[in-house]
Amino acid sequence: MPKLKTSKSILKRFKITNNNIVIRKQAGKSHLLEKKSTAHKQKLSKKIVITSKHNKNIISTIHCK
């Protein structure tokens, strides 16, 4: 059976730390920024930790064992 390929879209969107914590960027920072306050834009710049419910699926898709 051939090896499974890593999902490249998931690999680009998510980052895995050493402790198997998955991090992603906040959505909504790419356009329509004039009407958003500076505080709101700063909040959108921060990274978000993915809940443990979805960690297993994302990690398994990236590693493809």
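The values are calculated or read from the model by the stated rules, or taken from the named source; none is laboratory data. Predicted model, so just to flag it, every value in this text is computed and none were measured. Every residue, glycine among them, receives a Cβ derived from its backbone with ideal geometry; neighbour counts consider all protein chains shown. We work out accessible area using only protein heavy atoms, side chains counted, and drop any ligands, DNA or RNA first. Shrake-Rupley method; radii C 1.70, N 1.55, O 1.52, S 1.80 Å.
Some notes on this structure:
- Surface accessible to a 1.4 Å probe, HIS54 within the full protein complex, Å²: 90
- For the chain, the Cβ-based charge dipole about the Cα centre amounts to some 60 debye (Lys, Arg positive; Asp, Glu negative; other atoms uncharged).
- With respect to the chain, whose longest principal axis is taken over its alpha-carbon atoms, helix 52-63 is tilted by about 60°.
- Note that the range 34-42 has calculated 3J(HN,Hα) couplings of 5, 8, 8, 6, 5, 5, 5, 5, 5 Hz, one per residue in order, obtained from phi through the Karplus relation 6.51 cos²θ - 1.76 cosθ + 1.60 (θ = phi - 60°); glycine and proline are x.
- Globularity index of the chain, i.e. its alpha-carbon radius of gyration over 2.2 N^0.38 Å: 1.41
- Rolling a 1.4 angstrom probe over the range 1-63 with all protein chains present gives an accessible area of which 55% lies on carbon and sulfur atoms.
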